[in-house]
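Here the structure comes first, spelled out in structure tokens, and everything after it is commentary.
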Amino acid sequence: SRSITGMVGTPDYIAPEVLIASSGYGKEVDIWSLGISIYEMISGELPFYSDSLLKTYGRIQNYSKYLHFNSERFPAELVD
């Protein structure tokens, strides 16, 4: 079983599947990270950032509550 302390990488880009240590995930975790990168390039900020690593992970796991798209910066086609 993996633990949060055993992970490697930039925490803000980790997909929820990795945090819950589900087995069998695939390219969707890379697509997630790409999406976070695009979000950051457009908005200039990370969608789940917190000063606390555990809060960042909590926000990622509850992404539907914390992920917001400003319609002026994010056209519907991009959000889709």
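Tabulated data
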quantity: Scan of region 47-58 for residues that are open to solvent by 40 Å² or more (accessible area, probe 1.4 Å), touching a residue at least 12 places away in the same chain (Cβ under 8 Å) and either assigned to a loop (DSSP other than H, G, I, E, B) or in contact with a strand residue (DSSP E or B) (Cβ under 7 Å, 6 or more places away or on another chain) (or both), ordered by number; calculated: Y49
quantity: Residue within region 26-45 that is at pLDDT below 90 and either of a type in the set (K, R) or assigned to a loop (DSSP other than H, G, I, E, B) (or both) present; calculated: yes
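The values are calculated or read from the model by the stated rules, or taken from the named source; none is laboratory data. Since this is a predicted model, take the numbers as computed values, not measurements. A quick note on method: Cβ atoms are made from the backbone with ideal geometry, for glycine too, and the neighbour counts reach across all protein chains shown. Surface areas here come from the heavy atoms of the whole protein model, side chains and all, with no ligands, DNA or RNA. Shrake-Rupley method; radii C 1.70, N 1.55, O 1.52, S 1.80 Å.
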